[in-house]
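What follows is one structure encoded as structure tokens, with my remarks underneath.
The values are calculated or read from the model by the stated rules, or taken from the named source; none is laboratory data. On a predicted model such as this, the values are computed, not experimentally measured, just so you know. Reconstructed Cβ throughout: ideal geometry from the backbone, glycine too, with neighbour counts over all protein chains shown.
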Amino acid sequence: MPTNPFNGFTDFGVGIGLRVPHYQHILSEKPVVSWFEIISENYMIDGGRPLHVLDQILERYRVVQHGVSMYFGSPEPPNREHLKRLKALVKRTKTPWLTDHLCWGSVDGTYSHDLLPMPYTFEAARHTAQKIREVRDFLEIPVAVENVSSYAEFHVSEMTEWQFLTEVVELADCGILLDVNNIYVSSRNHSFDPLDYVNSVPTERVAQIHIAGHSKFEKYILDTHDHPVIDPVWKLYQRAIERAGRTATLLEWDDNIPSFEEVHNEALKANQFVAEMAVAS
Amino acid sequence: MNLLEIQQRMLAAVMQPLTSHERMQPRSRDGKSMHEVAAEFIKPNDRLSSFERLEIYNRQYWFRVLASLDEDFPGLRAIIGQRRFEALCKAYLVDCPSQSFSLRNLGSGLETWLRSHPEHIQPRATLALDMVCLEWAEIEAFDGASEPVLLPGDALASDPDPHFRLQPYLQLISLRYPVDDLLVAIRKDTPDGGMASNAVSEHRKQTRVRKVARQKPQAVFLVVHRIDYSVYFKRIEQEAFKFLHALQEGQSLSSGVVLAFQGRDIPETVLVSRVQNWFESWSSLGWFCQPSAATQEFISPTGNQS
């Protein structure tokens, strides 16, 4: 049973990101994995090995698409070529929902290839929500937006990040991909209590949760996806599922990628929190 | 400051080249203090100034885009050296920042840009341009579209002067240096990980330098193609190259033959035999694809184009 209107996929359980170093292992060993998340842009191409591998994965596994360059908060309207390629991929993967980031990254068609933070203003929320609606209407599938890690805050901000996230998703009537690692990273960089964030998120819109590792520097934390998940992030995850119920969960590991087993085992740790939640309820 | 103004200012700052110590420039291009620029829209915190917070994004941008070009153009890097390659990439990205949602397309304008900025590749400009052309062709061949392969008995067989369509992923390039061999050699010498000692790395570097220095001009006609999703280089004769090029441009079989052998006095039997050999070889590699529905509509049952 869906735990909320934006989460019809509670049976997805725990998945991992599909990454090139694991292709061979997955195709030859056919490990049991609940689902894979793919980076959409890696497969928005015309042909060749990436699509060939994806098609083989699709024969056996469920795949959910996660984008990194829709830039809902950028000033320009959605790029038509981007949308067309994305929709073609949506048809290929039959992804039940699609996610991208609540951020911006381009101006007038010039791309930074980064997930730049939004100023938390009502103007930005309205603009971003409108673009999310346009993308969702074009793609004709549910869309959920992910909170990003950030290293800067703006003078003009009129609300907290979690208030901004709520404002945007309410205006756009879309789901949330709640990244609890990003909440932790931003909480350390901007000195807020990450539990305040998790406790404030409108759980009825949480469609998916991300977990990941990060790197700690002297004065800030960087979201590098190159380590195991740390305990404080697991605690945020625990609290998130206490509030949102069973939710499709995905471990991201993008750099210094260890063996498939190591990544998968790290992801499966999430199940113990789900089990504890079931016992408690 | 509204949303658009913040985004324009931040993007300009993020894309401004780093200093030689990989830090954010103290001044913007128009001479403003970057401390002041950053303080106008970014809050400081108890550990980082506005400048330092903006600098995190500035550094991330350059590390990301430079790593992408570094991965895509190892041959060019080997020819001009690491330091000049980095300077070239920075200058290119300042002039041609990414206009695509995908980093895959970051180097799409590099060859054209280098033609108008040869100072970055002198004195081996021709060699370097050939290498960039090959490395971009490899990217295009890797993930280009493929279509169903033409089989014996497909509709074209009944057309007396058919138009053969080549696989969209096929890249035809004429080179003035044998950079195909050089790129293979460079890849062989490049360690996959950081396991090599300094002495081994230095030896490999010197080997690469020697290989580049030894390069002599040689006309090469190359097809960059795919077999089982891996990219390969195949050298072909000049006439074959002209012929394939004509087919790729939409010329018919007979027009392709005329263009390929223009000015050559070759007996017809030899000519027919050569073309037949080409077709056998290229068909076995799957280079021809089935006619599109649109093309078939224009071919009447008698084979005449309407």
Using the structure shown, decide if A:R126 is more than 19 Å from the chain's Cα centre (by Cα), charged (D, E, K, R) and at negative phi.
yes
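Among the residues of region B:77-94, count how many are surrounded by fewer than 18 Cβ atoms within 10 Å (Cβ to Cβ), assigned to a helix (DSSP H, G or I) and more than 12 Å from chain A (Cβ to nearest Cβ). Before you say what the answer is, go through the steps one by one.
Residues of region B:77-94 surrounded by fewer than 18 Cβ atoms within 10 Å (Cβ to Cβ): B:81-84, B:86-87, B:90-91, B:94.
Next, only the ones that are assigned to a helix (DSSP H, G or I) stay: B:82-84, B:86-87, B:90-91, B:94.
After this cut, where a residue has to be more than 12 Å from chain A (Cβ to nearest Cβ) as well, the list is B:82-84, B:86-87, B:90-91.
Total satisfying the criteria: 7.
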Against the definition (surrounded by fewer than 13 Cβ atoms within 10 Å (Cβ to Cβ), over 13 Å from A:S112 (Cα atoms) and more than 10 Å from chain A (Cβ to nearest Cβ)), how does B:S20 come out, yes or no?
yes
So for region A:119-128 (the condition being more than 14 Å from chain B (Cβ to nearest Cβ) and part of a loop (DSSP other than H, G, I, E, B)), does at least one residue qualify?
no
So, B:L129, is that one touching a Pro at 6+ places or on another chain (Cβ under 9 Å) and either assigned to a helix (DSSP H, G or I) or surrounded by fewer than 19 Cβ atoms within 10 Å (Cβ to Cβ) (or both) or not?
yes
Exactly one condition in (1) crowded, with 21+ Cβ neighbours inside 10 Å; (2) within 19 Å of B:N2 (Cα to Cα); (3) of a type in the set (D, E, K, R) is false for A:E158; which is it?
(1)
Scan of region B:260-283 for residues that are over 21 Å from B:P168 (Cβ atoms) and surrounded by 14 or more Cβ atoms within 10 Å (Cβ to Cβ), ordered by number
B:A260, B:F261, B:L271, B:R274, B:V275
Hits in region B:58-98 (condition: touching a Phe, Trp or Tyr at 6+ places or on another chain (Cβ under 7 Å) and either more than 24 Å from B:T126 (Cβ to Cβ) or touching a residue at least 40 places away in the same chain (Cβ under 8 Å) (or both))
B:L76, B:S98
B:A213 being modelled with pLDDT of 95 or more and either over 28 Å from A:G48 (Cα atoms) or small (G, A, S) (or both):
no
Sole miss for A:P5 among (1) touching a helix residue (DSSP H, G or I) at 6+ places or on another chain (Cβ under 7 Å); (2) crowded, with 17+ Cβ neighbours inside 10 Å is condition (2)
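Those residues that are touching a Gly at 6+ places or on another chain (Cβ under 8 Å) and under 21 Å from A:V90 (Cα atoms), I need them from region A:1-41; list them, please.
If the condition is that a residue be touching a Gly at 6+ places or on another chain (Cβ under 8 Å) and under 21 Å from A:V90 (Cα atoms), then A:F6, A:N7, A:T10, A:V33, A:S34, A:W35, A:F36, A:E37, A:I38, A:I39, A:S40, A:E41 are the ones that fit.
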Restricting the first residue to region A:169-190 and requiring it to be within 14 Å of chain B (Cβ to nearest Cβ), which pairs with a second residue that is among the charged types (D, E, K, R) meet a Cβ separation below 7 Å and a spacing of at least six or different chains?
A:V185/A:D223; A:S186/A:E161; A:S187/A:D193; A:H190/A:E153
Counted residues in region A:129-149 being farther than 17 Å from A:W97 by Cα and either away from chain B (no Cβ under 14 Å) or in contact with a His (Cβ under 9 Å, 6 or more places away or on another chain) (or both) come to 2
Might you check whether a residue that is more than 12 Å from every other protein chain (Cβ to nearest Cβ), modelled with pLDDT of 95 or more and loosely packed, with under 15 Cβ neighbours inside 10 Å occurs anywhere in region B:104-114?
yes
Going through (1) at pLDDT below 95; (2) in contact with a helix residue (DSSP H, G or I) (Cβ under 9 Å, 6 or more places away or on another chain) one by one, A:L86 fails only at (1)
I need a count of the residues in region B:140-169 that are surrounded by 21 or more Cβ atoms within 10 Å (Cβ to Cβ) and either among the charged types (D, E, K, R) or closer than 21 Å to B:E86 by Cβ (or both).
1
Collect the residues in region A:89-143 that are more than 22 Å from B:S100 (Cα to Cα), out of contact with any Phe, Trp or Tyr (no Cβ under 7 Å at 6 or more places or on another chain) and among the small types (G, A, S), keeping them in residue-number order.
A:A124, A:A129
State all residues of region B:45-65 that are more than 9 Å from chain A (Cβ to nearest Cβ) and surrounded by fewer than 17 Cβ atoms within 10 Å (Cβ to Cβ); if no residue qualifies, say none.
B:S49, B:R59, B:F63
